[in-house]
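Take a look at the structure below.
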Amino acid sequence: MTATTPLLETPAVVRDVLAAVRRVLGPASTTVALHEPEFAGREWEYVKECIDTGWVSSVGSFVDRFERDLQAISGCAHAIATANGTSALHVCLLLAGVRSGDEVVMPTLTFIATANAVSYIGATPHFVDSEAVSLGVDAAKLDAHLRDTAHLVDGVCTNRRTGAPMRALVVMHVFGHPCDLDALVEVAQRWRLVLVEDAAESLGATYRGRHTGHAGLVSALSFNGNKVVTTGGGGAILTNDPALGRRAKHLTTTARVPHRWNFIHDEVGFNYRLPNLNAALGCAQLEQLDSLLARKRLLARRYEEALAGVEGARFLAEPPGTASSFWLNAIVLDPAQSADRDSLLAALNEAGYMSRPLWTLMHRLPMYRDCPRADLTLAEDMEARVVNVPSSAKLAA
Ligand SMILES: *Cc1c(COP(=O)(O)O)cnc(C)c1O
């Protein structure tokens, strides 16, 4: 054996994970996408109806129906469809009372939209760490961080160093795994933070039997092309508060005062409406939600079983007390194996199984590098060890 041989060898964990993925998905004749939309229902029929009737744009019966369907699925009293998930988050933060100059507590481990929505208001993200079970915000660590850095001033959580009000806490259900909402609600109440759920990845997921999106004052869903169901592009705001529901509708529809012919707007609103064409696609998609979720769950179980015997890696399991949407399946390498993450990604992608690492953590990005933050050790550790593998429902056919 020469001195260079070990460098040419594929690490055992890479070989074993690749073999496990192959057992679940079969050989890849063409590239297996990370997450593909599936149109197996009445999508064509509903979209055609929009075109045939001329109701393609911002008004139409499919928008109303889509919102009613989302209410029924989530159990939330009000659902307001929006142009995308980012715009839903933006309005959620406005409804939570976030203003320019505020800080918003949020995980560094999330998709960029969460941080950008904070920035659109002129507020600053204040990044906190995640826990290893759900990858969502670590409630105990957040509480300890707030004891170190914040105090209540006239009932307003205030950053002792910057003097800025810390108005809200945004939590995110990573890959569709609900985070520990009970513990987070408690911390949010103790520190008078308005809770907002970024539920973009968790349509169909429940926490202690209830759909995600109820714990927050307001919550955001996404129907982007890579989500559990898609409207092409789209999102929604969920809330149980009727006044907030009305206000969400008003703000997302240019703040127009209802009138038969006059155009009167009583504040600066947004054109964040979901077009009827997109809602039509969404109505057809929601009809298949149960089937999509059931097959995603089956696929996840197959991954979990295939990975059970693999040394050096594990499947990111459903957190106790929850039902995940299993939006994306994730493999977590053991700490000792983190140096093999990139060779695992290379091997999986080369074999035709589209795979990706976690999002680059928010606090590493140039525009968010100087934001206030807590210790982020767990998120940084996970960034080095998590790999997502193909997760479309059809892969469990
Ligand atoms: C997808 C997603 C969003 C919203 O994305 P849009 O593309 O704007 O619909 C927001 N937050 C998270 C965590 C997401 O995964």
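The values are calculated or read from the model by the stated rules, or taken from the named source; none is laboratory data. Given the structure is predicted, the values throughout are model-derived calculations rather than measurements. Because the Cβ atoms are built from the backbone with ideal geometry, glycine has one as well, and the counts that use them run over all protein chains shown.
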Task: Sole residue being surrounded by 23 or more Cβ atoms within 10 Å (Cβ to Cβ) and more than 16 Å from the ligand (Cβ to nearest atom), chosen from L142, L93, L70 - done: L142
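Under the condition of being crowded, with 22+ Cβ neighbours inside 10 Å and hydrophobic (A, V, I, L, M, F, W, C), which residue from the stretch 230-243 is nearest to the ligand (Cβ to nearest atom)?
From the stretch 230-243, those crowded, with 22+ Cβ neighbours inside 10 Å are 230-231, 234-239; that's our starting set.
Pick out the ones that are also hydrophobic (A, V, I, L, M, F, W, C) and you get 236-238.
Details: A236: 10, I237: 12, L238: 14 Å.
Checking each candidate, the answer is A236.
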TODO: Could you list all residues from the stretch 124-139 that are free of Cβ contacts under 8 Å to residues at least 60 places away in the same chain and either under 15 Å from D198 (Cβ atoms) or charged (D, E, K, R) (or both)?
DONE: G136, V137
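Please work out if L184 is within 16 Å of the ligand (Cβ to nearest atom), surrounded by fewer than 24 Cβ atoms within 10 Å (Cβ to Cβ) and farther than 27 Å from L274 by Cβ.
Working: within 16 Å of the ligand (Cβ to nearest atom): yes; surrounded by fewer than 24 Cβ atoms within 10 Å (Cβ to Cβ): yes; farther than 27 Å from L274 by Cβ: yes.
Against the criterion (within 16 Å of the ligand (Cβ to nearest atom), surrounded by fewer than 24 Cβ atoms within 10 Å (Cβ to Cβ) and farther than 27 Å from L274 by Cβ), L184 qualifies.
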Open item on the list: Condition (residue is surrounded by 15 or more Cβ atoms within 10 Å (Cβ to Cβ), at pLDDT below 95, away from the ligand (no atom under 16 Å from the Cβ) and under 23 Å from L395 (Cα atoms)) applied to the stretch 49-62: is it met by at least one residue?
Closed with: no
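Take V104 and decide whether it is closer than 25 Å to G235 by Cα, within 12 Å of the ligand (Cβ to nearest atom) and either buried (at least 23 other Cβ atoms within 10 Å of the Cβ) or among the polar types (S, T, N, Q) (or both). Can you show your working first?
Values: closer than 25 Å to G235 by Cα: yes; within 12 Å of the ligand (Cβ to nearest atom): no; either buried (at least 23 other Cβ atoms within 10 Å of the Cβ) or among the polar types (S, T, N, Q) (or both): yes.
Taking the combined requirement at face value, the residue does not satisfy it.
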TODO: Go through the residues of the stretch 297-315 one by one and say whether even a single one is within 17 Å of the chain's Cα centre (by Cα) and buried (at least 24 other Cβ atoms within 10 Å of the Cβ).
DONE: no
Task: Among residues of the stretch 113-156, those that are of a type in the set (D, E) and under 18 Å from the mean Cα position of the chain (by Cα), counted - done: 3
Task: Residue satisfying all of: in the stretch 157-172; touching a residue at least 12 places away in the same chain (Cβ under 8 Å) and in a loop (DSSP other than H, G, I, E, B); farthest from the ligand (Cβ to nearest atom) among these - done: R161
- [ ] Output the qualifying pairs, or none if there are none: Cβ atoms under 8 angstrom, residues six or more apart or on different chains, first residue in the stretch 140-156 and in contact (Cβ under 8 Å) with a residue 40 or more places away in the chain, second residue among the polar types (S, T, N, Q).
- [x] T149/N159; A150/T158; A150/N159; L152/T158
Task: Residue that is farthest from Y46 (Cα to Cα) [pool: residues in the stretch 281-305 that are charged (D, E, K, R) and in a helix (DSSP H, G or I)] - done: E305
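Could you please find all residues in the stretch 196-224 being among the hydroxyl-bearing types (S, T, Y), more than 13 Å from the ligand (Cβ to nearest atom) and either farther than 19 Å from L169 by Cα or part of a loop (DSSP other than H, G, I, E, B) (or both)?
First, pick out the residues of the stretch 196-224 that are among the hydroxyl-bearing types (S, T, Y): 202, 206-207, 212, 219, 222.
Then drop every residue that is not more than 13 Å from the ligand (Cβ to nearest atom), which leaves 206-207.
Within the stretch 196-224, T206 is the sole residue that qualifies.
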- [ ] Return yes or no: is A255 within 15 Å of H90 (Cβ to Cβ), within 14 Å of the ligand (Cβ to nearest atom) and of a type outside the set (D, E)?
- [x] no
